[in-house]
Amino acid sequence: MPRDPLIALVGKPSSGKSTTLNSLTDTTAKVGNFPFTTIDPNRAIGYLHIPCACSRPTLPNNTPPSPDLPPPLQTRCKPNHGACQKGIRSVPIELLDVAGLVPGAHAGKGLGNKFLDDLRHADALIHVVDVSGTTDAEGKATRGYDPSADIAWLRDEIVRWVLGNLMQKWGGLKRRHTAIKATAVETLQGQFSGYGATAAVVAKTLDKLALKQPLQEWDDETIEKVVNTFVDVKFPTVLALNKIDHADADKNVSKIARAEAAERIVLCSAISEVFLRRLVKQGFVRYVPGEEYVDTREDLIEAGEPDGGGLKEMDEKLKTRVENLKDMVLYRFGSTGVNLVLTRAAEVLGLVPVFPVCNIGTFGRGEAGGGERAPVFRDCVLVSKGSTVGDVYRRVMGDAPMAFVETVGGLRVGEDEVVGVGRNDILSFKVGRA
Ligand SMILES: Nc1nc2c(ncn2[C@@H]2O[C@H](COP(=O)(O)OP(=O)(O)OP(=O)(O)O)[C@@H](O)[C@H]2O)c(=O)[nH]1
Ligand SMILES: [Mg+2]
């Protein structure tokens with residue numbers, strides 16, 4: 001993955017994709033209670049919350065001076081992009097909200113293939129499922145729809161789309177494959193490169209299947225198996241069970257939870273997050289996005305802040321809405337869940353945050369490190385699991401020749417060393433001849 005990772009929001013119309021995008025970013029994509037509100041994809045930057053390197057007490061000179069005080073580097077952590085609050089860093093990540101998908105989309109139903117083409121460059125998918133059961137498979141208003149059906153058909157649409165594209169060319173592809181004596185990885189990568197698939201992705205797909213027959217002898221069933229596995233490898237998917245604020249959600253959530261792996265599922269209420277963020281902007285509540293607690297003016301006065309934290313008084317209607325939201329969402333689930341959706345997506349994608357620094361002694365800028373008070377850990381890049389030091393170097397430094405790379409303690413690390421959380425993830429790149 002040489003470019004920045006991209007996560008796409010998919011789902012049927014009216015499941016809440018645009019609302020989820022808005023809840024994770026500062027954009028205001030159009031939201032509507034009718035299908036196909038979104039036609040052209042919306043791109044926006046969301047923030048992935050990760051533990052920042054600045055808070056590792058194991059780093060040189062970073063032991064907190066007393067148990068109540070933060071580690072010294074934490075107080076100087078100033079990201080170029082995003083933010084770092086008390087050691088939790090928000091790292092920008094690109095999100096894509098696309099048009100709704102309906103059963104039969106691969107054959108052109110709804111917005112069909114146009115929509116599917118928008119997905120080509122996604123590295124992971126967030127399937128936004130309307131778990132309230134108040135919209136049918138086409139996104140039209142109803143009651144009592146079983147949303148577990150959406151999970152199966154949506155994936156199937158993606159498989160049929162990839163399969164359709166592949167089958168159109170299968171005859172020619174097979175002849176060429178035999179004529180030039182290519183490997184299955186080479187031939188398939190040529191086909192799947194349009195989805196941004198690397199040779200590694202194709203090799204992983206084929207390894208999983210351990211097929212015995214050569215590519216030219218694959219029957220339709222085998223080709224379908226290959227495509228199914230390719231979709232799993234290329235588009236790891238998180239299920240965002242949205243609209244948990246709705247009274248009908250519980251039974252649907254239980255059904256899905258029984259059928260799916262726990263690590264793929266996140267419960268959320270995108271509309272609650274959007275609402276709370278709006279109240280913060282309007283000066284009615286104190287709320288840190290993604291957290292469990294919301295404080296109103298009255299709460300803060302009670303807690304001993306005589307001016308109520310400078311918050312405005314809400315009318316009765318607004319107060320009731322906030323109380324309901326606390327009861328139905330925050331206290332029951334611990335948060336609106338939207339940040340967790342992104343965290344899970346980063347997990348299924350296997351993203352590793354790496355902190356490139358100029359000076360490995362101070363973690364600051366320039367050869368001198370910028371002095372005692374200078375900002376540290378200005379940069380953070382998200383790379384895929386299994387990336388090497390050399391991969392990260394090229395991502396950050398481009399074609400500039402590499403002299404050497406250092407990690408904490410001034411230790412040199414080889415180009416082929418793998419990066420991981422807490423291992424080779426603070427790096428200083430030196431350009432020139434070794
Ligand atoms: N109760 C509830 N309603 C929600 C939630 N999220 C979204 N909605 C509502 O669901 C409807 C559809 O939301 P959108 O975000 O436009 O859905 P979409 O998936 O982008 O729809 P298309 O663009 O048409 O594909 C709107 O009326 C939203 O207010 C939620 O968490 N809870
Ligand atoms: Mg939309």
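Bear in mind that the values in this text are calculations on the coordinates, not laboratory data. None of these values were measured; they are calculated from a predicted model. So basically every Cβ, Gly included, is an ideal-geometry build from the backbone, and we count neighbours across all protein chains shown.
Could you work out how far the C-alpha centroid of the stretch 384-434 sits from that of the stretch 279-302, in angstrom?
Comparing the Cα centres of the stretch 384-434 and the stretch 279-302, I get a distance of 43 Å.
Based on the alpha-carbon gyration tensor of the chain and its eigenvalue square roots a ≥ b ≥ c, which shape applies: rounded if a/c is under 1.5, prolate if not and a/b is larger than b/c, or oblate?
In terms of gyration-tensor shape, oblate.
Among the listed pairs 17/204; 169/225; 114/234, which are separated by more than 25 Å between their Cα atoms?
Over 25 Å apart, Cα to Cα: 17/204.
In whole Hz, with x marking every Gly and Pro, tabulate ³J(HN,Hα) for the stretch 197-210 from phi via Karplus 6.51 cos²θ - 1.76 cosθ + 1.60, θ = phi - 60°.
Going residue by residue, I get 7, 8, 4, 5, 5, 5, 4, 5, 4, 6, 4, 4, 8, 6 Hz, with x marking Gly and Pro.
Starting at the first residue of the stretch 177-192, write each ³J(HN,Hα) from the Karplus equation 6.51 cos²θ - 1.76 cosθ + 1.60 with θ = phi - 60°, in whole Hz, x for Gly and Pro.
Values, residue by residue: 4, 6, 4, 9, 6, 7, 7, 4, 4, 4, 5, 5, 5, x, 6, 8 Hz.
If packing is taken as the average number of other Cβ atoms within 10 Å across a peptide's residues, how do 146-157, 9-20, 345-356 rank, most packed first?
In descending order of packing, they fall as 9-20, 345-356, 146-157.
What distance in nm separates the simple spin-label points at residue 168 and residue 373, each placed 7 Å from Cα in the Cβ direction?
Each label point is offset 7 Å from its Cα along the Cβ direction, giving 6.2 nm.
Per-residue HN-Hα couplings for the stretch 323-332, Karplus 6.51 cos²θ - 1.76 cosθ + 1.60 at θ = phi - 60°, whole Hz, x for Gly and Pro?
For the stretch 323-332, the Karplus curve yields 4, 4, 5, 4, 5, 7, 10, 4, 6, 6 Hz.
Quick one: among 107, 99, 197, which has the greatest mean-square fluctuation in a GNM of the chain with alpha-carbon springs under 10 angstrom?
Between 107, 99, 197, it is 107 that shows the largest mean-square fluctuation.
Which value at 222 nm does the chain reach when only helices count, each DSSP H run of 4 or more adding -39,500 (n - 2.57), with the total divided by all residues and rounded to the nearest 500 deg cm²/dmol?
The helix-only estimate for the chain comes to -10000 deg cm²/dmol at 222 nm.
By how many nm would the segment from residue 307 to residue 223 grow when fully extended, if each residue of separation counts as 0.36 nm and the alpha-carbon distance is taken off?
Taking residue 307 through residue 223 to full extension adds about 23.5 nm, to one decimal.
Pulled fully out, how much extra length does the chain show between residue 156 and residue 315, if you take 0.36 nm times their separation in residues and subtract their Cα-Cα distance?
Computed gain between residue 156 and residue 315 is 52.5 nm.
Considering only DSSP beta bridges where both residues belong to the chain, give the percentage that are antiparallel (nearest 5).
Taking every DSSP beta bridge within the chain, about 60 percent pair in antiparallel fashion.
Need the C-alpha centroid separation for the stretch 192-264 versus the stretch 143-189, integer Å.
First find each Cα centre; the distance between them is then 12 Å.
Report the gain in length on full extension from residue 400 to residue 213: 0.36 nm times residue separation, minus Cα-Cα distance, nm rounded to one decimal.
Going from the current span to full extension adds 63.0 nm.
Starting from the Cα of residue 259, step 7 Å along the direction of its Cβ; do the same at residue 3; then give the gap between the two resulting points in nm.
3.4
Need the list of aspartates and glutamates near residue 319 for cross-linking: C-alpha distance under 18 angstrom, and skip anything on the same chain fewer than eight residues off.
Reachable aspartates and glutamates: 245, 273, 292, 295, 298, 299, 302, 327.
With +1 on each Lys and Arg Cβ and -1 on each Asp and Glu Cβ, how big is the dipole of the chain about its Cα centre, in debye rounded to the nearest 20?
Here the chain has a charge dipole of around 1000 debye.
Kindly state, to the nearest 0.05, the FRET efficiency for residue 83 paired with residue 43, given R0 = 35 Å and r defined as their beta-carbon distance.
0.95
Over the chain, what is the mean sequence separation of C-alpha contacts under 8 Å (at least six apart), divided by residue count, expressed as relative contact order in percent?
Computed over the chain, the figure is 16 percent.
Which order do the peptides 127-139, 256-268 come out in when sorted by mean C-beta neighbours inside 10 angstrom, highest first?
The packing order, highest mean first, is 127-139, 256-268.
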